[in-house]
Amino acid sequence: MTWEVGHEFETQAYAVTRGDLVRYAGASGDFNPIHWSDRVATSVGLPGVVAHGMYTLALAGRALAAWVGEPARIVTFGGRFTKPVAVPDDGQGTEVAVSGVVRSVEEGIATVELTVTNAGQTVLAMTKATVRC
């Protein structure tokens, strides 16, 4: 791949279901009931069960790894959680989409800005990575 400022990576879309949240809770040890109980989630002002923030960030990382081809090329990666990803209990769930653009290239390191959305809203902010070209 040619690392050029302005290069836009192909958007990656990932389905997120309640089953995914159960599996992530088991793997991460995060059994907070906002990730599995509509009753608890709505009682604290959420729209219903929401995905783990780290799971959402992991989907962005998955897209980044697919774009760069070799995950070892990723030097830094991070973002901020800004909006919850509501996951309905309908068997289909919801979709998280990840797009990215190269913002700079200096001394063999590219800075990639990622945009992570759900239902038309950005759910992670300041999501970026640095990658060895």
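When the helices (runs of 4 or more DSSP H) confined to segment 1-81 are screened for residues that are under 14 Å from T117 (Cα atoms), those reaching at least 3 such residues are found at 53-68. Restricting attention to segment 80-94, the residues being buried (at least 17 other Cβ atoms within 10 Å of the Cβ) and on the phi > 0 side of the Ramachandran plot number 1.
Scanning segment 95-117 for residues that are crowded, with 22+ Cβ neighbours inside 10 Å and either outside any strand (DSSP E or B) or not hydrophobic (A, V, I, L, M, F, W, C) (or both) yields one hit, G100. Among the conditions (1) more than 15 Å from V123 (Cβ to Cβ); (2) free of Cβ contacts under 8 Å to residues at least 60 places away in the same chain; (3) surrounded by 13 or more Cβ atoms within 10 Å (Cβ to Cβ); (4) under 19 Å from the mean Cα position of the chain (by Cα), P33 misses just one, which is (4).
Does R39 fit the bill of being among the basic types (K, R), without any contact (Cβ under 8 Å) to a residue 24 or more places away in the chain and out of contact with any Ser or Thr (no Cβ under 7 Å at 6 or more places or on another chain)? For R39, the condition - among the basic types (K, R), without any contact (Cβ under 8 Å) to a residue 24 or more places away in the chain and out of contact with any Ser or Thr (no Cβ under 7 Å at 6 or more places or on another chain) - is met.
Hey, any hits in segment 43-66 for a residue that's more than 11 Å from the chain's Cα centre (by Cα), of a type in the set (D, E, K, R) and surrounded by fewer than 17 Cβ atoms within 10 Å (Cβ to Cβ)? Scanning segment 43-66, I find no residue that is more than 11 Å from the chain's Cα centre (by Cα), of a type in the set (D, E, K, R) and surrounded by fewer than 17 Cβ atoms within 10 Å (Cβ to Cβ), so the answer is no. Out of (1) touching a strand residue (DSSP E or B) at 6+ places or on another chain (Cβ under 6 Å); (2) without any contact (Cβ under 8 Å) to a residue 40 or more places away in the chain, what's the single condition that is false for D90? That leaves (1) as the condition not met. Tallying residues that are surrounded by 12 or more Cβ atoms within 10 Å (Cβ to Cβ), at pLDDT 95 or above and more than 25 Å from T17 (Cβ to Cβ) within segment 118-133 yields 5.
The values are calculated or read from the model by the stated rules, or taken from the named source; none is laboratory data. As the structure is a prediction and not an experimental result, all values here were calculated from the model. For neighbour counting, all protein chains shown are included, and Cβ atoms are generated from backbone atoms with ideal geometry for every residue, glycine included.
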